[in-house]
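Heads up: the structure comes next, in structure tokens.
The values are calculated or read from the model by the stated rules, or taken from the named source; none is laboratory data. Note that this is a predicted model, so its numbers are computed, not measured. Cβ coordinates were reconstructed from backbone atoms using ideal geometry, including for glycine residues, and neighbour counts include every protein chain displayed. Calculation scope for accessible area: heavy atoms of the full protein, side chains included, ligands and nucleic acids excluded. Shrake-Rupley method; radii C 1.70, N 1.55, O 1.52, S 1.80 Å.
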Amino acid sequence: MHSPPALGKVNMSQLQDNFGRRFHYLRLSITDACNFKCTYCLPDGYQSQGNSPFLSLSEIELLLGAFSQMGTQKVRITGGEPSLRKDFIDIIGLAANTPNIKTVATTTNGYRLAKNAQAWYDAGLRRINVSIDSLDPKMFYQITGENRFDQVMRGVDAALESGFERVKINAVLLKGLNSQDLPRFLHWIKHMPVDLRFIELMETGLGREYFKAHHLAGTQVKQQLIRDGWQLDKADILDGPAQNFSHSDYQGRIGLIMPYEKNFCVSCNRLRVSAKGQLHLCLFTENGVNLKDLLQDKSQTPELMARLQQQLGFKTAAHSLHQGITGVTTHLASIGG
Ligand SMILES: Nc1nc2c(ncn2[C@@H]2O[C@H](COP(=O)(O)OP(=O)(O)OP(=O)(O)O)[C@@H](O)[C@H]2O)c(=O)[nH]1
Ligand SMILES: C[S@@+](CC[C@H](N)C(=O)[O-])C[C@H]1O[C@@H](n2cnc3c(N)ncnc32)[C@H](O)[C@@H]1O
Ligand code: SF4
Ligand code: SF4
């Protein structure tokens, strides 16, 4: 059992755990709410939990200030659906103007992208991940509960035109649903400069039966890619746990997130804060740690930094998904994936 560092010995310049992993990357959820009903995430739609409010702009400002002083360089704004927040643009601007934060990214279902891509870019957003589980509009509807395939695809075009550094497409691999879609995705990225990311379905507290029915190992896709001449890119420390592939005949690239593979968590480089201000050391942590009480005044920042540093000492080497332990994560909309 690893013990947390003593408060007096805090090294404020770096967020590092007992396994030597560094955490330059914060995934900040700003809302649990979502307007889609993805079958693997919120099959019955969003239901509000309790009445404690989501982090306010000033709480977010103090939070980002503390993380950035401790070495955070990249912030991904997520949710629920982050673009549902009325102050989404202000949050982007705030993150972009925080000293030391070099990259501001978001993950979105694309619902508001076509209309807002340029405004988000102008506010300081530089990377965008759009969830598109199928390129077949009917299957897209079946998986997301929303008949908005064309609207989301227009959003991808708008993002490419707006000058984003990176546009990434997320697709969750789903047996019996989109598992035949690989050729279509490959055809699409031949001439499209987007990064495709296939994510293995992960079990969540509310998604046990769905997981059993639809989990598909990413290794099957990996083997097919290697057979087709795709090359595994050299891993960069800032890449995190994804494996990335490229091919000279394709403009797009492919990444695989395979959380059930051995050693997946060795390259973990990210921390999470929920929309209600709880630190999650892992996507599948057993409990969140309240930070909100230390986000009320700037004078609390040293104490907040000390709490973050201390909590890092409790970060475990890996998740326990193989044992079916999904922690407090009832669905990924509750923490932003
Ligand atoms: N188990 C696990 N899954 C992750 C992790 N990071 C991302 N994922 C999965 O991948 C999904 C997509 O993540 P995104 O929000 O698009 O971000 P990303 O692709 O990981 O992040 P970047 O590397 O910043 O592009 C998440 O919602 C999770 O399902 C991680 O650390 N652990
Ligand atoms: C929780 S959503 C939040 C952001 C936004 N609403 C969206 O869908 O892009 C972030 C990512 O989590 C992924 N996701 C949700 N539930 C998942 C699960 N059980 N297993 C794997 N990925 C999941 C989604 O596909 C999406 O790409
Ligand atoms: S994956 Fe994203 S878009 Fe789909 S229900 Fe979950 S939060 Fe909403
Ligand atoms: S499952 Fe947890 S420890 Fe593993 S990479 Fe994801 S967040 Fe990090």
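Numbers below:
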{"item": "Filtered residue count, the range 85-136, keeping only those that are assigned to a loop (DSSP other than H, G, I, E, B) and either polar (S, T, N, Q) or open to solvent by 10 Å² or more (accessible area, probe 1.4 Å) (or both)", "result": "17"}
{"item": "Filtered residues of the range 229-243 (kept if free of Cβ contacts under 8 Å to residues at least 24 places away in the same chain and surrounded by 13 or more Cβ atoms within 10 Å (Cβ to Cβ))", "result": "LEU232, ASP233, GLN243"}
{"item": "Residue that is more than 14 Å from ligand 1 (Cβ to nearest atom), open to solvent by 40 Å² or more (accessible area, probe 1.4 Å) and in contact with a helix residue (DSSP H, G or I) (Cβ under 6 Å, 6 or more places away or on another chain), where the choices are GLU303, GLU286", "result": "GLU303"}
{"item": "Hits in the range 38-64 (condition: among the small types (Gly, Ala, Ser) and either within 13 Å of ligand 2 (Cβ to nearest atom) or surrounded by 20 or more Cβ atoms within 10 Å (Cβ to Cβ) (or both))", "result": "GLY45"}
{"item": "Answer from ARG154, ARG166, ARG197 - the residue that is at negative phi, open to solvent by 20 Å² or more (accessible area, probe 1.4 Å) and within 13 Å of ligand 2 (Cβ to nearest atom)", "result": "ARG197"}
{"item": "Cross-chain or 6+ apart pairs with Cβ under 7 Å, the range 314-330 first and closer than 13 Å to PRO259 by Cα and more than 12 Å from ligand 2 (Cβ to nearest atom), then of a type in the set (Asp, Glu) and open to solvent by less than 70 Å² (accessible area, probe 1.4 Å)", "result": "GLY324/GLU203"}
{"item": "Residue count, the range 219-245 (criterion: within 16 Å of ligand 1 (Cβ to nearest atom), under 19 Å from SER179 (Cα atoms) and assigned to a loop (DSSP other than H, G, I, E, B))", "result": "0"}
{"item": "ALA33 vs. criteria on the phi < 0 side of the Ramachandran plot, in contact (Cβ under 8 Å) with a residue 12 or more places away in the chain, of a type in the set (Gly, Ala, Ser) and near ligand 3 (Cβ under 10 Å from one of its atoms)", "result": "yes"}
{"item": "Any hit, the range 138-149, residues being within 21 Å of the chain's Cα centre (by Cα), buried (at least 21 other Cβ atoms within 10 Å of the Cβ) and not in a helix (DSSP H, G or I)", "result": "no"}
{"item": "The range 312-325, subset within 16 Å of GLN278 (Cβ to Cβ) and open to solvent by less than 30 Å² (accessible area, probe 1.4 Å), residue farthest from ligand 3 (Cβ to nearest atom)", "result": "LEU312"}
{"item": "Where a residue in the range 271-300 is within 11 Å of ILE60 (Cα to Cα) and its partner, wherever it lies, is assigned to a loop (DSSP other than H, G, I, E, B) and among the charged types (D, E, K, R), with Cβ under 6 Å and at least six apart", "result": "ALA275/ASP32"}
{"item": "Restricting the range 189-218 to residues that are over 20 Å from ASP233 (Cβ atoms) and in a helix (DSSP H, G or I), the residue that is modelled with the lowest pLDDT", "result": "ARG208"}
{"item": "From the options THR301, THR330, THR316, residue that is in a loop (DSSP other than H, G, I, E, B) and farther than 24 Å from LEU84 by Cα", "result": "THR316"}
